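Here's the structure we're looking at; comments come further down.
The values are calculated or read from the model by the stated rules, or taken from the named source; none is laboratory data. Since this is a predicted model, take the numbers as computed values, not measurements. All Cβ positions, even for glycine, are placed from backbone atoms using ideal geometry, and neighbour counts span all protein chains on display.
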Amino acid sequence: MKYKVAVFDLDGTLLDTLEDLADTMNHCLRARGMAERSLEEVRGFVGNGIRRLVERSVPPGADARLMDEIYGDFIRYYKDHCAVKTRPYPEIPEVLRKLKAAGVLTAVVSNKADEAVQTLCETFFGGLIDYASGDRAGIRKKPCPDGVLSALEQFGARPADAVYIGDSEVDFETARNAGTGLILVTWGFREEKTLSSLGAGKIVCKPSELLREMEIGF
């Protein structure tokens, strides 16, 4: 077994959350008479947390107070609508079960609100995730390594024992900053050519390939 710990990004890696994120963002924009954003626009906006999604989605010129209000609207609405269209990517639950069976510790470290992270992990992966962390006080957002290092501390593991698995430039930088291994996946929110341009060592196209890279049979 190549790694003792697998740390996953959530959106675009384990779960396809894009439609619920876009629907929530557009609900907030409609409520204030602002133009909605397309699914592809939202795809390009995600990765750096909800605050940055809001900042990228509202029209230019919005002041900080308005941004705060829309951010608050988003958090409140998404809390009750985070699992309407969201689903695990194919093979992901089986991959997590295989990791658990092989004795690999599993974690989720995400930039989305911590309450939503806990809800989604329990809803879709109950018992398969050993530690989950989202945006919360005292932990800097990715690509800062705080969340990953906190997860490893919980497990008593070193960065060299872990691989970080994600789908974006932010995840590439997070793994580099944390000193872990890295696997990037192509089924998420970024195209393969974008991931290849980062110079990442491992890129996989199917969830089952994660097990191969970790030297675990599917």
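List of remarks:
- Residue in the range 183-199 that is in contact with a strand residue (DSSP E or B) (Cβ under 6 Å, 6 or more places away or on another chain), free of Cβ contacts under 8 Å to residues at least 24 places away in the same chain and within 19 Å of G47 (Cα to Cα) present: yes
- Selection from the range 10-50 of residues that are among the hydroxyl-bearing types (S, T, Y) and either closer than 20 Å to K141 by Cβ or not assigned by TED's automatic domain parsing to the domain that holds R76 (or both): T13, T17, T24
- R32 vs. criteria over 23 Å from the mean Cα position of the chain (by Cα), among the charged types (D, E, K, R) and surrounded by fewer than 14 Cβ atoms within 10 Å (Cβ to Cβ): yes
- Single match in L120, L99, L149 (criterion: assigned by TED's automatic domain parsing to the domain that holds G181, in contact with a strand residue (DSSP E or B) (Cβ under 7 Å, 6 or more places away or on another chain) and farther than 14 Å from D9 by Cβ): L99
- Here the condition is being closer than 24 Å to V148 by Cα, modelled with pLDDT of 95 or more and assigned to a helix (DSSP H, G or I); of L29, L21, it holds for L21 alone.
- Answer from L96, L66 - the residue that is modelled with pLDDT of 95 or more and either farther than 30 Å from E213 by Cβ or buried (at least 16 other Cβ atoms within 10 Å of the Cβ) (or both): L96
- G47 fulfils the conditions (1) part of a helix (DSSP H, G or I); (2) at positive phi except for a single criterion, (1).
- Of the residues making up the range 93-115, those that are in contact (Cβ under 8 Å) with a residue 24 or more places away in the chain, closer than 25 Å to D146 by Cβ and within 17 Å of the chain's Cα centre (by Cα) are L96, T106, A107, V108, V109, S110, N111, K112, A113, E115.
- Residue pairs whose Cβ atoms lie under 8 Å apart, separated by 6 or more positions or on different chains, with the first residue in the range 142-168 and under 18 Å from G201 (Cα atoms) and the second among the hydroxyl-bearing types (S, T, Y) and part of a helix (DSSP H, G or I), are P143/T174; Y164/T174; G166/T174.
- Scan of the range 1-18 for residues that are under 20 Å from the mean Cα position of the chain (by Cα), among the hydrophobic types (A, V, I, L, M, F, W, C) and not in a helix (DSSP H, G or I), ordered by number: V5, A6, V7, F8, L10, L14, L15
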